Structures are given as C-alpha cells and as structure tokens.
1. From the backbone phi of the stretch 215-231, what are the Karplus-calculated ³J(HN,Hα) couplings (6.51 cos²θ - 1.76 cosθ + 1.60, θ = phi - 60°) in whole Hz, Gly and Pro given as x?
2. Give me a comma-separated list of calculated 3J(HN,Hα) values for the stretch 168-178, in order, Karplus coefficients 6.51, -1.76, 1.60 applied at θ = phi - 60°, integers in Hz, x for any Gly or Pro.
3. Using a cut-off of 14 Å between beta-carbons, work out the net charge of the residues near HIS282 (Lys and Arg +1, Asp and Glu -1, HIS282 not included).
4. Rounded to the nearest 10 Å², what accessible area does VAL216 show when all protein chains are kept and the probe is 1.4 Å?
5. Once the dipole of the chain is set up with Lys and Arg at +1 and Asp and Glu at -1 on Cβ about the Cα centre, which of THR189, PRO122, LEU141 lies farthest towards its positive end?
6. What is the Cα centroid distance between the stretch 179-249 and the stretch 255-283, reported in whole angstrom?
7. Around GLY193, which amide H atoms from residues at least 5 apart in sequence, or from another chain, sit under 5 Å from its own amide H, with H modelled in the peptide plane?
8. If you plug each phi of the stretch 205-213 into the Karplus form 6.51 cos²θ - 1.76 cosθ + 1.60 with θ = phi - 60°, what whole-Hz ³J(HN,Hα) values come out, in order, with x for Gly and Pro?
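The values are calculated or read from the model by the stated rules, or taken from the named source; none is laboratory data. Please read these numbers as outputs of a predicted model, since none were measured by experiment. Here the Cβ positions follow ideal geometry from the backbone for every residue, glycine too, while neighbour counts run over all protein chains shown. Only protein heavy atoms, including side chains, enter the accessible area calculation; ligands, DNA and RNA are left aside. Shrake-Rupley method; radii C 1.70, N 1.55, O 1.52, S 1.80 Å.
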Amino acid sequence: MAAWLHVTLRQRPLALCGQLVQRARRCLATSAAPDVTSAFERVITPEVAEHLGAQGYAVVDGVFGGEAARRLRGEVVRLYEGGHMHKNCTHLVKDNSTSLVEKAHIHEAELTLDSGVQAAAPLCSALNTDRTLATMISLFLPQLTLDSQAIKLQYNAGGGGCFPMHYDSDEQLDGRRVTAIFYLNPDWTEADGGQLRLYPFPGAPVDVAPREDRLVLFASTRMAHRVLPAAAPRCCFTIWLSQSRRRAFVRQAPSLSALEPSSPDDVAAAARFLLHPAVRQHVSKLVYAEEWARSLEESHGDSDTRGAMLEQHHKEVDIIRRSLAKYLPVVEKLAKGQVAAPMQWF
C-alpha cells in the first residue's frame, strides 16, 4: 500500500539535573540491583519458550519479586515527575511525508540510547547490560538468534491513556523478533484498566492484566496488540530483543499470485494462504477493522491528523476487502475458529 501507519519511537536528548543524578547515586549505594541473570534463568523455562513459539506469546509472573519491582517503578516515576520523559507519538506516513500524532498521557524514555537516563535509573540499567533473557529464549527456540536489545521506560499517566492496535515492527524494517514487557503496577485492579490486548489471530484476543512483577513475551512482527485505556497511572518497561540484520530472515514480500492456492474452494489451502505472514497482517486488519479504528480514536485526541489517520485506515480496509473478496468465506471461518491452519510465529 502507498500509505501505512506504524508506531515508532521519537528520540530526544534528555538534560538531567544534578539533583536527579545524585538521587540515583544514593539509590545505588542503598539498594542492590535485582539479580537479573538468575531471575531470567529461573523463569524462562522450556515450557515458557514452547508457549511463545506455539502461541506467539507467553506470560510469566514473579520475575524479580515485589520489592525489586517497586524499586524499578520508583525510578520510572522519578524520571516522569522530573520532566525527563517525552510524549509518545504515532507516525502517520502518507504521500511520502510523515505526521506525528501525540498519544494522550503516554510518556517514555529510551534507556539504551541515553546515558543520562541510565545514570538516573541504575536499577533499570542493570537490565540493559544483561543478555540472559535473549540467551535463554534463543536456547529454547533455536530458530531465533537474539543478539541485541533495546529498552524503553514508559509512564502512562492514566486518564484514558492507551495505544492503538499495531505491530511492533516488520521483518523488512529491522531485526526485532521478541517484545518483552515488564509491568510495575502494585495493587492493580480491573477498574484501573490499561490491559495489554493481544491478537493471536486466528485465535481469540487475549487480555493481559499489567500486574506488578509480570513479564509478557510476544512475537514483535506477527502479534498485533494494543493497550486498553488506563484509568490509573501505569508503569512498565519494554525490552526489544533483536537479531542483527546479517542473521535475520528478511522476507521478500511475495506477490499474491505466487502464494494463492489453485482454488478458493480448497478451504485448507486458502486458510494456509491467508495465514502466511505476508498476508495475515492484512487479514487481521480486515477482521478487526472496527476495533482497530476505535483504538485509533481512543489513543489520540480529536484533530485533523487523527481524522486523516482514520480515513487512511478505512481506505486500507476497503482495499484489503476487495483484494481478498473470493476468500471472504474462509476469512469468516478463520475468525469464528471453524477452520484450523498452522501459524508460524518466528
């Protein structure tokens, strides 16, 4: 498609005041960093990796313990309260130009890229220097060779702050393969909102509560997801685990004619075609078109740019519907769980 929507990061240098850095040093002197290596060795089991490989996601509780999670949360909150985070934006790419659309109430800082943030968040930085998570996942899922990572700290101020449906990346853009989100929200209740909603299509959507000391893993390029509106402040950090481009499989986007079965009446063959990674993202956007549009509205304030974003979404859905018209009965069967087909997550 000529125009597409992709959620990315906006980077900005952060000037951290001496008082904040001194506070961070005092924190280092009085609090030991969490034992990252042993924690990830303990929780990333063959069973967790098997679920990640088979279902596209896995949820693990009790990673570092409540005390360590609360210290990590304290660092994220101090960065936000000190004004050292920036607003998250959706990048709307259309007609060879890019527009930034701010998400209400969503603030973040790039830990891996900013030495000032690292100095002010030493406990979080311990995660940045440890590669155990990538090593354990690569060990149990040999189709992955995860050799780099990047970490983003995030503070959602509540008030309805949320993310629209999106994929974190695409194989043709970068080497990200696994997204790991660690939640820092003690005493979370359902009324607080802010759940992570995963779309393991053709499986049913899965809502994951952002509970303290919970780790969620999912396929970066093949798992659509969103964050539901948060009524209360919500803290987390995201670790993107990547393969370097020389090792990553970069798919050459095939034409539909190269993938299509000989007959749309062959339901099994049509389902395999519709779930091929080159086609499945479009099918998911068609199946969840209304929720996708609603998530765009909820995540961004009313503006002309948001209107353009919604218009573009509806145009894309119409194109997908026309292009896959002869397969719509099979799409409906997939959406209802009436036909099974293998899904390759990595």
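1. My calculation for the stretch 215-231 gives 10, 10, 10, 7, 5, 5, 9, 10, 10, 5, 7, 8, 10, 6, x, 9, 8 Hz in order.
2. Along the stretch 168-178, the couplings run 5, 6, 9, 4, 7, 9, 7, x, 4, 10, 10 Hz.
3. Details: positive: ARG222, ARG280, LYS285, LYS315, ARG321, ARG322; negative: ASP170, GLU260, GLU316, ASP318.
Residues close to HIS282 contribute a combined charge of +2.
4. Only protein atoms counted, so the area is about 0 Å².
5. Most positive-ward Cα: PRO122.
6. Cα centroid of the stretch 179-249 versus Cα centroid of the stretch 255-283: 28 Å apart.
7. Hits under the 5 Å cutoff: ALA231.
8. Each residue of the stretch 205-213 in turn: x, 10, 9, 10, 5, x, 6, 4, 6 Hz.
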